[in-house]
1. What does the average come to when, for each residue of peptide C:317-330, you count the partner chain Cβ atoms lying within 10 Å of its Cβ?
2. Within 10 Å of each Cβ in peptide A:176-188, how many partner chain Cβ atoms are there on average? Round it to a whole number, please.
3. Measuring from centroid to centroid over Cα atoms, what is the spacing of the range C:35-71 and the range A:425-441 in Å?
4. For the residue pair residue A:187 and residue C:24, what label-to-label distance in nm results when each label sits 7 Å from Cα along the Cα-to-beta-carbon direction?
5. Can you show me the helix-derived [θ] at 222 nm for chain C, built from DSSP H runs with n ≥ 4 at -39,500 (n - 2.57) apiece and divided by the number of residues, rounded to the nearest 500.
6. Taking the range A:165-295 as the region of interest, what is the percent of Cα-Cα pairs per 5 angstrom bin, listed from the shortest bin to the one with the maximum distance?
7. Sequence gap at least 6, Cα distance under 8 Å: using those rules, report the relative contact order of chain A to the nearest whole percent.
8. Once you keep just the Cα pairs under 8 angstrom separated by 6 or more residues, what percentage relative contact order results for chain B?
């Protein structure tokens, strides 16, 4: 028995000309919680897929349990005890919990017929491993995200797993659910199962892992004990740059009040929300995933109809029926999920930038004025320094940070008075995150009113001039961001 | 008990069954002729061919695609079968025609399956092309014409009856065709495949999420391929039943059935994005369309109204179920929120 | 050579269509140059294209939004029937009808098409019925209404001025039978070209076109970007309906009669053309140039095969199916270059 459960040595992999992994190494000890971190596109997922046998590496080898492999098939990986829990959990929403749990073992055993009784025992056994209690006949599609994840974990445990790889497991979980997940991870560790925890969130890396490995653009940067890591080192390893976070100091003088929200409510989501926002201010709204903050954002942008209260823009009451109403009133909205709400990935960067203001770039008969169109695109690409050789390229060719800049550009192009951002830096690498913060501060200082809705506390504390904390659909506190700290805010949230 | 009832009323099948019953009652009230033995037997016998087709269409929709090639496939296989046996002067039983049709159906299904399973092309487009291809093959290369005579085995099979139902009042009689057994058999086998074999659960799994199905260890390509082979086989059976029941081979009169069959399947609560639906619902939906097509005369509506009625039924039926789905989704969102808050 | 390669790479799909077209023209030139490349052949081909060409344009815009329109034929037939009945009611005792009523009738037809299409759009965007079912149901419903109006048989004896005007051929240079001279460019083609130019303009030069592609790419993002998705969908389906209605009016001119079941093969044929033209069935991708090429390719294939009297014209459907499958498989191999997987 070697010291390491898994050793991946000098793994390289290239896709059609792009070097995704360049001689990276990773080693995991038995029963260890190891965190693999890196920005989007650094090669984390490629390595996972090589370890689990989905891809085959171009060079290098993998040692598992002392046995050396130059290639692993998915079946071998499972047989040896490697299990991956993907970000989408790989579940079947249209089938029952029982079937979701039992399929893998049944298939692995090469069974051709369905035996309900056997499947039920298998499923019950799986659930009992982490004492997870759920009705076996429920459709998985009707479960909450956390419950789905539990189902996926139970399923992974059924194969005498020695190593469980979790790909960004906390993305869609509430804080409470993350706690529960971490407890389960610790329980698994007690059973001698090693966990490879893939994340780019600093606080999670600190909280749960014993050792860490960081990749940057396909290269291995550093491995070590988490106890030796701190904030500054972490962002330096991740990005290769050093950052000095600059707290927001409002400089815009004499800002008129542009947005007033009075007793706004959506039944079952939030109620009695009131605030005022002036030019030059950045308002932070924070709260847990279930606090109603996202619904508030949707209501401000006409995507959900409010059931009470009113919204006034520049003193005029606005009937928010659709996003168009909001845009015409001068409100822009950067949504939570860039991929499914913010961007037309396969379409060009240029089209993405101008789509919301496209009717302003037309002449008679809504004929597009291509000269103005190109000029507008060029201006925004330059203004937000979007890194692309040609704005006619598809948006999917950009990195996460640049994609988020495109979303920003789209809204800034509409010249809003109020810009609402829901999770502006989720899934954005640290470098771009700083740049986006700087852009937002600059916009405020030029007279825009900005609302940042986020559960990233350092983000709101650093960038906001005012702060609202929501809990269970109500505003519970309005501390001054300059004179409060994370723990105080957190105590209001919980 | 209450929970069970709640579950019942949340299902589309429940509403279709209600509509179905209401329609039966309406016809009964208007004509007094609905619940007579011969009428019910007539409707059941009209259900045979669309019913078998619907099972095939249903399975493909469950797997997340659309098959529009089954009428062409059925026409081609039943034409070739009939023609070959006629030319050979086959005087024996009906087993040989069924065997030939099954083999041909499997071959043509494999043709579809090759494109859909192994090249991973969208089923609707592939079957659109193959439908055109089969039709052209039959009418062009094989120079198909109406065959007024069919082999004796097929003829006697088509006219044979399980029993004869008699309406005491009017004295009208209707035969329950033996081909009904084919429908029953197909339903039985398909039910077993879908619910009791890993192959069938694989079809549901692929319809739910093909990527997860692959990761879970289902052989997605092979499952899709075999599915299309099976669908080809049962479609061929339907075609042959049709020929036997009509006592002649008419190459084109099955063409154009695909849309009504698919509409029936979806009316029965099958999710058009795949993954959800039951055989029972599929039969209910198909039955509803057959019922409307066959009972209009009973309530004194001229048959020219048939298409208009079926069209309206499709629009209203799918409209109701779309409305249901939207409401459920909204309610679901609220519940998830509640769950998260706890 | 490099320029050619560059052209090929700019849009591989369209390039492949061009190559196929060229190949077919060369083949026809070798085998029967005189008959095929005759000046008399052209107007014949050109007067049929608009029938399904117009419907294909409608199907194209709908498919670009990520939907599908199967109601074209129903709209076309109901429109042509009502317009035929309307025209029949026009003549006074002397039987004279002013030629000015032709543009008026066309305008009314377009209006009918717009209305029917708007119903489709409303069912899809507001009631949220899946496009395939909504348009399928509407198609059936409209066909049914047409059936009820006509009772089955064709509406004939429409004022001859209509057919002669639409069927007219301009540019009298083609030698006809017995010393007459007929025209080179049929009016139908002019109407078609006008609609093509209009739609090309809408899609490539206006904000409507940009939005259309965006909605097809991702409807949700389009909503979040403040596009009025529902209104766009209604407009688009209305436009498709108008195209289909015009197609129906051209059929009316070509056949001098209207019937509830004319051109029923066009439903699937149009989808085939659109997919062959490179429009993605999931929406967001496709060009009018590709669809035009597909229309020309298919009609030339058809016309070419008709030049071989020994080959049944039914082969055409077979070749269509084969071409569609071939193009799809070529695309598959182009997108997934053979490489070692796993």
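1. Values: counts 11, 10, 4, 6, 14, 6, 3, 7, 13, 1, 1, 7, 5, 0.
Mean partner-chain Cβ count within 10 Å for C:317-330: 6.
2. Working: counts 2, 1, 0, 0, 0, 0, 0, 0, 0, 0, 0, 0, 0.
What the average comes to for A:176-188 is 0.
3. 51 Å
4. Between residue A:187 and residue C:24, the simple spin-label model gives 6.5 nm.
5. Details: 14 runs with 241 residues, N = 342.
Value at 222 nm, helices only: -23500 deg cm²/dmol.
6. The calculated distribution, bin by bin, is 2, 7, 13, 14, 13, 13, 12, 10, 9, 6, 2, 1, 0.
7. Working: 974 pairs, mean separation 74.9, N = 494.
Relative contact order for chain A comes out at 15 percent.
8. Details: 519 pairs, mean separation 105.5, N = 342.
Answer for chain B is 31 percent.
Coordinate-derived values only; no laboratory data. Owing to the predicted nature of the structure, the values given are computational and were not obtained by experimental measurement. For neighbour counting, all protein chains shown are included, and Cβ atoms are generated from backbone atoms with ideal geometry for every residue, glycine included.
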